[in-house]
Every structure is written in C-alpha cells, then in structure tokens.
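This report refers to the structure that appears directly beneath it.
What follows draws every value from the coordinates through simple rules; no lab data is involved. Every value quoted in this text rests on a predicted model; they were computed, and no experiment measured them. No Cβ is skipped: glycine too gets one built from the backbone with ideal geometry, and neighbour counts run over all protein chains shown.
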Amino acid sequence: MGGNGSPAALFFTARVARAAGFPHNLGAMAERAGTMPEAGARWLTPEELKRFAECISGDSERDQRCLRALMATVSEVLGATDLDELLRRLVDHTIQTTGTERGLLLLLQEDGELKVRTARDRRGRDLEPDPVLSRSVPEKVLHDNQPVVQRVSGDGEVLDLTHSVATMRLRQVMCAPVSARGRTLGVLYMDSTLGGPAVTHADLWMFYAQAGLMGMAIENHRLLRETLQAREMSHQLRVARDIQKRLLPAGTARFGDAELAGLSEPSSRVGGDYFDYFQVDVGRFGLCVGDVSGHGIGPALVMSNVRAHLRGLLQTRRSLGGLYGLLNRALCNELTEGMFVSLFVGVLDSAKMVLEFQNAGHTAPIIYRPSDDSFRTIPPTAPALGLIDDLSAGPCPAVSVKKGDVLVCYTDGVTERHSPEGELYGEERVRGVVRRAVKRGASPADVVAAIREDCEKHARDLPPRDDVTLVVARL
C-alpha cells in the first residue's frame, strides 16, 4: 500500500465503505473542516476510482498504519463476543488515529436522549460516568445526520462552543453519526485541547470509517443476541411441546367395551387445546376436551393447569357434581383478564349406560347412533370457565346412551377451519364424515383420521388459524 494508494488498499477501503454505509459525497465534511472538496465527488464507481485515491493522504507510512489499524478493527468487529470491551477498543483506536484526547460513544435511548455508552481517554482509561462535553455538537450531528469536524491550529485559538464547556478550551471536536442498516444509533464524539494540522480527506474518511464500524459492531451484536434468544426460545418451545404431548393420551384406550382415540394439533409451536381420558373408578371412565382462549405458550401453561385441577378433583370427588364451581373459582383467581377456558367433561357409567357431563361454554359434542342413523348434540350447560367468579353450574345433567353409539368431541379449530374462499368447515361436514366412517366399520382412531383428512382437504393447504383437537369414543 504505497503513498498513492495501491489497488489492494483501494479495493479494501471501498469494501469497508460499502459495508459501513458511508455517504457517496464527503465534500460537505471537507468544506466544514476547511479543506477543498472535489466537486461532485462520488465513490466506488469504476470511472472515478482514481479520485477515490484522495482518501489516501500520500504519506506512505501514515496510510499503511491507518489501513492496518482499520483492517485490525474490522477483524475485531467480526470476531469479538464482548460488546463492551469491543467498543472500548474501537474508541481507543479512534483516539489514536485522530490524535484527540478523549473519545465518547453516545447511543440514542428510547426517549430520544443521548446516553454515554463508552468514554475513554488517550491513555486507555475509562472516563467518569457523565463527562462534560459540548452537547450542541452531537445534537447537530443527529439533526443533520452529517458529521461535524472543527479544529483550530493557532496557538492562542480555541473553539467557540457552549458556555458550559468554554473553560475546557477545546481546540478539536469531531463528531459523526453512528448508523447501521439505515438507522441512526447514536454518535461518535472526540475532542482535545491540543491543536493539530488541517483536516484532510483521509482524516475525514478514516474518522467516518471508524464511526461506521462502531455501528456495524453494535448491529452485529444485536443480531447475534436476537439469534441466540431466538434459538433459546425455539429450544424452550420444543421442550414445552414435547411436555405437552406427553400430557396427552398416547394412542387409543379401552375402558371395558368402550374404545377411545384422540388428536391435538397446535396451530403454533404449542397449543391451548387439551384432551384427556381416564379411569374414574370401576365401571366408570371420563373424557374431556378443552380450549383456552388465545395461542402460544401462555394458553399452553393454563391448559396444563386445568389438567392438573381436573384430574385432582375427579380423583378425590369421583363425581361431576360441584366440579364446575370449584374449577371456575380456581381459574378466576389464576387467569389474566380476558382469558377463559371452554371445557367439556363427560363420565360414562358402563353398567347404566348413562353419560354424566358438564359443558362449560364448549363447542357442542355430538352423539351418533348408527342403529337409527340419528345425531344429537350436547349443548353448553354453563359459561366458559374463568369469566364469572362464584358461579356454579347447578345439577349435573346426564344423557342415556346405547352400546355402539359414537361420541365425537372437538374444538372450534375443527368447525371454524377456513377454506381459501373463507367458507367454514362446519358441523354438518363433521356429521357427514362420522356417518360414512362408522357405517363402514371404522374404529375411533379411523374416525379421527377421517375428520382430520377431510378438514385438511377443505382448507386446501391453508394453514390453520386455531388448534385442532378431536376425541372420538365408541361406547
């Protein structure tokens, strides 16, 4: 890299300029610094590459030193993991290359104010937490989105800055915006009580390069932090989904002559739907299907809580009587405002062939009787859980069933599945699939699969907006 700028040096500086987002014209900067800009100068075009060499001072030793420092800085930006330490080193480098006494990196806060992130002196030491500086210069740089360079060379001259810093007798102030991806993050501010030679194009370019690299460093670490957080969240969601799957019954189940099968598919990583079936006591088994309002990890946590409450209550009471009131009070105390749970719970007495149930605001299950090809619904008997405190559901209703009847429970993610034209899947389609499947001797698992397949066919690859949950019991 010779005094006039070798091709390798020019190529490197061009690549850095692009990456850091430098402006195409530094003329305004040079004019403010008291130098003569090249009128209409533009960067990085082939026909003007020679003009780009003006960013090289002509002092071979100085240029090589600056470019080596810049390349080292780029390596640090790309390889560092500790952002605070990296910013300290970058400010130290800038102090050395600009010949100033202090360097400060000020970052914009959410309220629009500038706050000192890093403040160093020329000996590589941290400054006091809130150092005195000319606030008007950074504010101007932010407002104009253009760097400011002020320097006097006369021995008796000082910069005419604000009254608050007049006693500092500053003779150099340099300030440039720190940006990344078109967004201003803050400013790089340098000052000194020592004078210096007139500012050149190379000085301006080097200073702006260092400000740009600071923006790159901050943005790189932000993206790295977001990537790591996203990976951690993805891992946590995978763990949550695995746990949620293990809380659901695996495969089919038999209780006496009854056979059951279920399916739950969340619309996101984890869902707010829930189903279960379990032995209550000899000759009696229970099943339930629930749906928590909303989507994601919050509803999933609520539903695991509902499962624990419900199983605990049924194991101790062995009856649905009073179950609604106890569960509702517990959820009213635990749910955040606006959340609620719809839940259907049924307990079948196999000897009496009576299905006792509570339907707390849930999509009405249907019972299909193949012997006479009839359907009946089990409508809600009480509001959804978690909405009204101190509310009970009254006596527990029951319906008589026959052997061979098929009970189908589902969440509204099934009936409200949209086609590309906006048509809902609806209960009638569920009934049609159940009728056809049962008449050909399908098992509960086959009926579940047939409903799911038909629902997917209706949606025609349109992703579900809600969790899809089904339970089919052949009584």
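Note on Lys245: lysines with a C-alpha under 28 Å away, same-chain residues under 8 apart excluded, are Lys457. For each pair in Lys115/Lys140; Lys402/Lys439; Lys352/Lys439; Lys352/Lys403, compute the distance between the two Cα atoms and list the pairs where it is over 20 Å. Lys352/Lys439, as the Cα separations exceed 20 Å there. Approximating the spin labels as points 7 Å out from Cα along Cα→Cβ, the Ser443-to-Met353 distance works out to 2.4 nm.
3J(HN,Hα) couplings calculated from phi for region 134-150 with the Karplus curve 6.51 cos²θ - 1.76 cosθ + 1.60 (θ = phi - 60°) are, in sequence order, 7, 5, 5, 5, x, 5, 5, 4, 5, 5, 8, 6, 9, x, 10, 10, 10 Hz; Gly and Pro show x. Spin-label model, Glu265 to Leu462: label points 7 Å out along the Cα-to-beta-carbon direction sit 1.5 nm apart. Among the GluC sites (Glu not before Pro) in region 285-376, those placed in a DSSP loop whose Cβ has at most 13 other Cβ atoms within 10 Å are Glu337. Packing-based ranking of 238-251, 299-312, 215-228, 86-99 yields 86-99, 299-312, 215-228, 238-251, ordered from highest to lowest mean Cβ neighbour count within 10 Å. Taking the Cβ of Asn305 as the center, what net charge do the other residues with Cβ under 13 Å away carry, scoring Lys and Arg +1 and Asp and Glu -1? So the environment of Asn305 carries a net charge of +1. Given R₀ = 56 Å, FRET efficiency for Gln315-Asp121 by Cβ-Cβ distance, to 0.05? So, using R0 = 56 Å, E works out to roughly 0.20.
If R0 is 25 Å, the Cβ-Cβ spacing of Ser419 and Ala250 corresponds to a FRET efficiency of close to 0.20. Ordering of 449-457, 169-177 by packing is 169-177, 449-457, highest average first (other Cβ atoms within 10 Å, averaged per residue). Taking a ≥ b ≥ c as the square roots of the eigenvalues of the Cα gyration tensor, region 190-279 is prolate, since a/c reaches 1.5 or more and a/b is larger than b/c. Would any residue of region 381-411 have its amide N under 18 Å from a label point 7 Å out along Cα→Cβ of Phe375? List them or say none. Taking a point 7 Å out along Cα→Cβ of Phe375, the residues of region 381-411 whose backbone N falls under 18 Å are 405-411. List the trypsin sites (Lys or Arg not before Pro) in region 378-444 that DSSP assigns to loop (not H, G, I, E or B) and whose Cβ has at most 16 other Cβ atoms within 10 Å. Which are they? Sites meeting the loop and neighbour criteria: Lys402, Lys403, Arg440.
Straightening the chain between Arg231 and Asp144 buys 27.5 nm, computed as 0.36 nm per residue apart minus the Cα-Cα spacing. Taking amide H as placed 1.01 Å from N in the peptide plane, the amide H of Ala180 sits under 5 Å from that of Leu185, each at least 5 places away or on another chain.
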